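The values are calculated or read from the model by the stated rules, or taken from the named source; none is laboratory data. These numbers were taken from a predicted model, which means no experiment stands behind them. Quick reminder, even Gly has a Cβ in these numbers, built from the backbone with ideal geometry, and neighbours come from all protein chains shown.
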Amino acid sequence: MKRLITFAKGICLIVILVMLMVAIVGRDRLLAALFGPINTAPIQFSSLVLTENPNQFLVCRIEYCAATPHLVSPIFQVPPDTLRQRWMDVLTKQPRMGRQTIAGPDGQITHIQRSTLMRYPDSITVQFFNHGENASTLAIYSRSHYGKSDFGVNEARIVAWLEQLKSLF
């Protein structure tokens, strides 16, 4: 019993120390110190190589991406600017969305969404492509920055967002 009480005290002390560190330096800086900074550099879909980790999900058309996508992106019968606006409409309704980074002259956008419990950041990079006369498509690369498995969160997120996007047309 004495060992159990000592163990519980040790756990409480660790929790208090972590909470104190979060309060002092902030969650993002603490996560970056523990796991490294998140990378929101532009994605070159034409040369993207997927890692072996299952914590990523790629939606793209073969003609725009070097990597084999997990899902082939649909073609929408609207110009890329309209598709981009509808995409942004979908994202405004999503929980735990953070800052957005426009990464480059091609209009690529990286969104940050945090996990429900631990608030770990996931990056979702999207780029819009003209796909013929009055048609467009998009490439989406959703990935977790920490850990190896995401329990299918990236796939579920993007499939749900694409369904919401399709419902706007």
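What residue, among those in the range 49-66 that are surrounded by fewer than 18 Cβ atoms within 10 Å (Cβ to Cβ) and in contact with a strand residue (DSSP E or B) (Cβ under 7 Å, 6 or more places away or on another chain), is nearest to SER167 (Cα to Cα)?
Looking at the filtered set, the residue picked out is ARG61.
Answer with yes or no whether GLN77 is modelled with pLDDT of 95 or more, of a type in the set (S, T, N, Q) and out of contact with any helix residue (DSSP H, G or I) (no Cβ under 6 Å at 6 or more places or on another chain).
Working: modelled with pLDDT of 95 or more: yes; of a type in the set (S, T, N, Q): yes; out of contact with any helix residue (DSSP H, G or I) (no Cβ under 6 Å at 6 or more places or on another chain): yes.
Yes, satisfied.
Determine which single condition SER73 fails, assuming it passes every other condition in (1) surrounded by fewer than 18 Cβ atoms within 10 Å (Cβ to Cβ); (2) under 18 Å from the mean Cα position of the chain (by Cα).
(1)
Take the range 64-94 and flag every residue that is touching a Phe, Trp or Tyr at 6+ places or on another chain (Cβ under 9 Å) and among the acidic types (Asp, Glu).
Within the range 64-94, ASP81 is the sole residue that qualifies.
Identify all residues within the range 51-61 that are assigned to a loop (DSSP other than H, G, I, E, B) and touching a Ser or Thr at 6+ places or on another chain (Cβ under 8 Å); write none if there are none. Before you say what the answer is, go through the steps one by one.
Taking the range 51-61 first, the residues assigned to a loop (DSSP other than H, G, I, E, B) are 51-55, 61.
ASN53, PRO54, ASN55, ARG61, listed by residue number.
Could you tell me which residue of the range 127-165 is nearest to the chain's Cα centre (by Cα), considering only residues that are over 25 Å from SER46 (Cβ atoms) and part of a helix (DSSP H, G or I)?
VAL153
Within the range 113-132, how many residues turn out to be at pLDDT below 90 and more than 15 Å from ASN55 (Cβ to Cβ)?
Of the residues in that region, 4 qualify.
Here are some residues: HIS111, HIS145, HIS131. Which one is buried (at least 18 other Cβ atoms within 10 Å of the Cβ) and without any contact (Cβ under 8 Å) to a residue 24 or more places away in the chain?
HIS111
With respect to THR82, is the statement that it is farther than 20 Å from ILE38 by Cα and at pLDDT below 90 true? I'd like the intermediate steps shown before the answer.
Numbers: farther than 20 Å from ILE38 by Cα: yes; at pLDDT below 90: no.
So THR82 fails the test.
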